[in-house]
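Step one of this worksheet: look at the structure below.
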Amino acid sequence: MNSRADPEDYAFFGAKPLFDTIRSTSNLVRPDFARFLEYSRQFLEAGNSPGGQPVERLLEQRLAEFHHTQHCVSLCSGFWALVLAIKAVALPGRTEVIIPSLTYRRLADLVAWAGLVPHFCEVDPDRLCITAKTARQCISEDTALIVGVHPIVNCCDAEGLETLSVETGIPLLFDSVESVYETINHRKVGSFGLAECFSLHASKLLNGFEGGYVTTNNRSLADRIGALGGDLLVGADDAPEGAMNARQNQVHAAMALAALDGIEQQVDSNRRRYYRYRAGLADVRGLRLLEFDETDQCSYKNIVVELLDSWPISRDFTLDLLHKENMLCRPYYSPPLHKRAMTYPSVCGDLRLTERLAERFLTLPCGYFVTEDDVGQICEYLHSLCMHGAALTARAATRS
């Protein structure tokens with residue numbers, strides 16, 4: 001193992017970067033191109049015939065089967081899938097949507113896009129996600145909806161949130177963009193709450209270039225979301241209030257189908273990278289890998305580590321060092337949403353736990369373009385940071 005004892009061995013101080021090209025934290029999987037062309041041929045041959053969009057409909061059928069749900073509505077993005085689902089599900093006459101603050105940077109924005117007010121709740125310190133307990137503390141007579149957001153490693157307590165929803169009569173929607181493949185107590189993600197929303201962005205498990213979809217077992221809800229997304233429009237007079245053109249693109253649907261065909265191979269590759277990380281980081285003092293709960297089905301897609309109190313470098317400096325080596329690592333959902341500038345109203349209580357957690361985690365390179373050998377080099381590099389962090393910090397101080 002190369003311990004990199006001399007600060008001059010690090011790219012931050014002028015050495016050659018560890019990697020010639022960027023190693024990203026995004027998935028960026030490349031589906032089989034021949035399969036993509038095969039699906040694309042179907043919509044090219046259909047042309048503008050009645051009942052068009054054959055690839056989109058096939059994708060919806062396949063995804064409903066994959067998630068063990070009765071209905072799937074595909075849309076142009078995960079963002080608009082969430083916005084339209086929120087509009088369709090939220091209780092009328094109420095204004096607040098309960099969401100965690102330690103989550104996707106646009107979640108509060110899309111609540112505002114739906115014409116509602118984000119109410120930020122705390123998270124579980126171990127799983128970094130909303131719970132029935134943290135959501136319950138935010139419920140008031142203004143609560144229109146609870147959004148259960150799955151973190152990027154493992155899942156939130158969907159069953160506990162379902163119980164809370166039944167007890168209070170408040171609708172429950174899930175943001176499941178990071179949990180496409182997962183199960184909770186052996187029940188497939190996609191069938192919880194009134195509906196679940198997913199993304200087909202290139203950074204996600206299913207790469208459709210872009211796109212999103214909603215799964216539900218409620219036929220009338222599926223029809224309403226489809227109508228809001230423009231699926232049922234014939235003329236302007238047919239548009240329900242709040243409808244928009246958010247239909248899925250056929251090319252994106254073809255790409256997503258090709259990705260779905262190869263999902264088992266992708267998960268297997270993710271698993272091997274994760275196991276390499278788990279072995280390589282086991283003896284790195286001051287780092288804690290967030291481990292996947294293998295009692296349920298998981299995709300092993302994301303790699304997240306916690307910087308413990310014994311880690312010798314600040315998180316910001318750690319990220320600076322990694323970036324200079326062409327490792328495009330990211331702080332984990334930092335800053336939290338309630339600390340971001342907003343041009344719309346929000347509700348926020350005491351979120352000191354979220355604020356503390358937002359300073360402790362980062363994501364490491366993973367996905368299609370990261371090899372197992374790359375993971376080995378990354379682990380060795382982090383071991384060097386652990387061994388020589390104090391010296392690196394002191395050397396950096398002399399450059400200020």
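The values are calculated or read from the model by the stated rules, or taken from the named source; none is laboratory data. Every value quoted in this text rests on a predicted model; they were computed, and no experiment measured them. No Cβ is skipped: glycine too gets one built from the backbone with ideal geometry, and neighbour counts run over all protein chains shown.
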Being surrounded by fewer than 21 Cβ atoms within 10 Å (Cβ to Cβ) and more than 21 Å from THR215 (Cβ to Cβ) narrows ARG94, ARG106, ARG62 down to just ARG94
Only one of VAL97, VAL111 is touching a strand residue (DSSP E or B) at 6+ places or on another chain (Cβ under 6 Å) and not in a strand (DSSP E or B); which? VAL111
Just need a number here: residues in region 377-387 that are crowded, with 21+ Cβ neighbours inside 10 Å and within 11 Å of TRP311 (Cα to Cα). 2
In region 317-350, which residue that is outside any loop (DSSP other than H, G, I, E, B) and either aromatic (Phe, Trp, Tyr) or over 28 Å from ASP374 (Cα atoms) (or both) is farthest from the chain's Cα centre (by Cα)? PHE317
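What residue, among those in region 161-212 that are among the charged types (D, E, K, R) and outside any loop (DSSP other than H, G, I, E, B), is nearest to ILE99 (Cα to Cα)? If you could, list the steps in order and put the result at the bottom.
Narrowing region 161-212 to residues among the charged types (D, E, K, R): 162, 167, 175, 178, 182, 187-188, 196, 204, 210.
Narrowing the set further to residues that are outside any loop (DSSP other than H, G, I, E, B) leaves 162, 167, 175, 187-188, 196.
Details: GLU162: 15, GLU167: 18, ASP175: 10, ARG187: 23, LYS188: 22, GLU196: 14 Å.
Only one residue tops the list, namely ASP175.
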Report yes if LEU337 is outside the structural domain of ILE99 (by TED's automatic domain parsing) and either at pLDDT below 95 or surrounded by 16 or more Cβ atoms within 10 Å (Cβ to Cβ) (or both), otherwise no. yes
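Taking region 362-376, which residues are part of a helix (DSSP H, G or I), buried (at least 18 other Cβ atoms within 10 Å of the Cβ) and not hydrophobic (A, V, I, L, M, F, W, C)?
Start the filter on region 362-376 by keeping residues that are part of a helix (DSSP H, G or I), which leaves 372-376.
With the extra rule that they be buried (at least 18 other Cβ atoms within 10 Å of the Cβ), the set shrinks to 374-375.
Of everything in region 362-376, just one residue is part of a helix (DSSP H, G or I), buried (at least 18 other Cβ atoms within 10 Å of the Cβ) and not hydrophobic (A, V, I, L, M, F, W, C), namely ASP374.
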Could you list all residues from region 134-163 that are buried (at least 21 other Cβ atoms within 10 Å of the Cβ), among the aliphatic types (A, V, I, L, M) and more than 30 Å from TYR274 (Cα to Cα)? ALA135, ALA144, LEU145, ILE146
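Do we have VAL55 as in the same structural domain as LEU194 (by TED's automatic domain parsing), buried (at least 22 other Cβ atoms within 10 Å of the Cβ) and modelled with pLDDT under 95 here? Talk me through it step by step, then tell me what you get.
Numbers: in the same structural domain as LEU194 (by TED's automatic domain parsing): yes; buried (at least 22 other Cβ atoms within 10 Å of the Cβ): yes; modelled with pLDDT under 95: yes.
Taking the combined requirement at face value, the residue satisfies it.
Name the residue, out of LEU164, LEU128, LEU145, LEU116, that is hydrophobic (A, V, I, L, M, F, W, C), more than 24 Å from LEU353 (Cα to Cα) and either in contact (Cβ under 8 Å) with a residue 12 or more places away in the chain or not assigned by TED's automatic domain parsing to the domain that holds ASP293 (or both). Quick ask: steps written out before the conclusion?
Working: LEU164 fails: more than 24 Å from LEU353 (Cα to Cα); LEU128 fails: more than 24 Å from LEU353 (Cα to Cα); LEU145 fails: more than 24 Å from LEU353 (Cα to Cα).
Among LEU164, LEU128, LEU145, LEU116, only LEU116 is hydrophobic (A, V, I, L, M, F, W, C), more than 24 Å from LEU353 (Cα to Cα) and either in contact (Cβ under 8 Å) with a residue 12 or more places away in the chain or not assigned by TED's automatic domain parsing to the domain that holds ASP293 (or both).
Of the residues ASN245, ASN185, ASN207, ASN218, which is modelled with pLDDT under 95 and polar (S, T, N, Q)? It would help to see each step written out before you state the result.
Working: ASN185 fails: modelled with pLDDT under 95; ASN207 fails: modelled with pLDDT under 95; ASN218 fails: modelled with pLDDT under 95.
Only one candidate qualifies: ASN245.
Test VAL29 against the criterion of being buried (at least 17 other Cβ atoms within 10 Å of the Cβ), modelled with pLDDT under 95 and under 30 Å from TYR333 (Cβ atoms), and give yes or no.
yes
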Between a first residue in region 265-285 that is assigned by TED's automatic domain parsing to the domain that holds GLY376 and a second residue that is assigned to a helix (DSSP H, G or I) and of a type in the set (Val, Ile, Thr), which pairs have beta carbons less than 7 Å apart while being 6 or more apart in sequence or on different chains? ARG273/VAL375; ARG276/VAL375; TYR277/VAL375; GLY280/VAL375
Could you list all residues from region 274-304 that are in a strand (DSSP E or B) and touching a helix residue (DSSP H, G or I) at 6+ places or on another chain (Cβ under 8 Å)? LEU287, LEU289, ILE303
